[in-house]
Amino acid sequence: MHPDEGMPAALREWKQPINFYGRVEDEEKRPVDGAKISFQWTDVSESGTSRADVLSDPNGLFSLTERQGKHLCLSIEKEGYYRSGAARVSCFEFANPDDGLFTPDPTAPVIFKLWKKRAEQPVQGRSIRLAIMQDGQPLHFDPVQGATSADGLLTFRFVTGAPDEFFHADMKLTISLSGGGIQKADGEFPFTAPSDGYQSSVEFNVGKDARSGFVEQYFFHLDQSGVFGRIQVHIPSFHKRGMSQLVFNWWMDGNGSRNLESDLEALGEP
């Protein structure tokens, strides 16, 4: 008899084979050698978790093999690089199909992105939590002063539908900029603001099925001062009636440069 055959099913879940294959790339899809990958997985050890660290090879490849457990998480770092969200933390399920069972494939490693730092002094970001009405009432914000203000150039209007029993609701956010322009910022490292293509306002809609909330990023340009910047808005999935909380992050270069390189992890919690 196999030693696990008489084991309760719930316990066998924590002794599934764990094998993982990954590759670390930079923003140009070049391999990153010597990145540190920190693994942690749940298992039947005395502490309930085990850990291991490995380094990526000259081809950016790394692996964790011949382990047993249930749920694996990893983080990746290397000095001189910014980390993508997936590199900061990613988790994979090896036991329960209802949680999205992960299937490892050594011929198709999971890709993780790092961005090589270039600026000697990255643009410093700021963060604030904004309470906003759900009926479209305008909320004016001054990005220079970092506070709400009746004459703030940025205006937010937030509208939600009727929340369900779990307080999830359809929602619409409109952001407008007086005396300048705004446009969508794509990619995980939007470090260079465009020179043109700005418009006075942007709008996006999110359905109530977005259970984990939503994040949008935009570039902006102030006509009078010539300043370029970037904003990031975190919209929650949970909405009580009347008012919602938005997390608003922003970065500005006061010298008129379109280079907005910044450490996204340096903001912390607002």
Checklist entry - Which members of region 151-171 meet the condition of being surrounded by 15 or more Cβ atoms within 10 Å (Cβ to Cβ) and of a type outside the set (Phe, Trp, Tyr)? => result Gly152, Leu153, Leu154, Thr155, Arg157, Val159, Thr160, Pro163, His168, Ala169, Asp170, Met171
Checklist entry - What are the pairs, 6+ residues apart or on separate chains, where a residue within region 155-171 that is at positive phi has its Cβ under 7 Å from a residue that is part of a loop (DSSP other than H, G, I, E, B)? => result Phe167/Phe238; Phe167/His239; Phe167/Lys240
Checklist entry - Of the residues that sit in region 254-268 and are within 22 Å of the chain's Cα centre (by Cα) and not aliphatic (A, V, I, L, M), which one is modelled with the lowest pLDDT? => result Gly268
Checklist entry - Across region 64-92, what is the total count of residues that are over 20 Å from Leu264 (Cα atoms), crowded, with 16+ Cβ neighbours inside 10 Å and out of contact with any Cys (no Cβ under 9 Å at 6 or more places or on another chain)? => result 5
Checklist entry - Considering only region 29-59, how many residues are under 16 Å from Phe102 (Cβ atoms), part of a strand (DSSP E or B) and of a type outside the set (A, V, I, L, M, F, W, C)? => result 2
Checklist entry - Of the residues that make up region 206-215, is at least one farther than 30 Å from Trp115 by Cβ, charged (D, E, K, R) and modelled with pLDDT under 90? => result yes
Next on the checklist: Looking only at region 99-112, count every residue that is of a type outside the set (Asp, Glu), assigned to a loop (DSSP other than H, G, I, E, B) and loosely packed, with under 13 Cβ neighbours inside 10 Å and tell me the total.
Outcome noted: 5
Item to check | Residue pairs meeting the criteria (Cβ under 8 Å; at least 6 apart or on separate chains; first closer than 18 Å to Ala185 by Cβ and in the same structural domain as Gln232 (by TED's automatic domain parsing), in region 245-258; second modelled with pLDDT under 85 and outside any loop (DSSP other than H, G, I, E, B)) | outcome: Leu246/Ile235
Next on the checklist: Any residue that is touching a Leu at 6+ places or on another chain (Cβ under 9 Å), among the acidic types (Asp, Glu), modelled with pLDDT of 95 or more and assigned to a strand (DSSP E or B) - is there at least one of those in region 60-83?
Outcome noted: yes
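The values are calculated or read from the model by the stated rules, or taken from the named source; none is laboratory data. Keep in mind it's a predicted model, so treat the numbers as computed, not measured. Cβ atoms come from the backbone with ideal geometry, glycine included; neighbour counts cover every protein chain shown.
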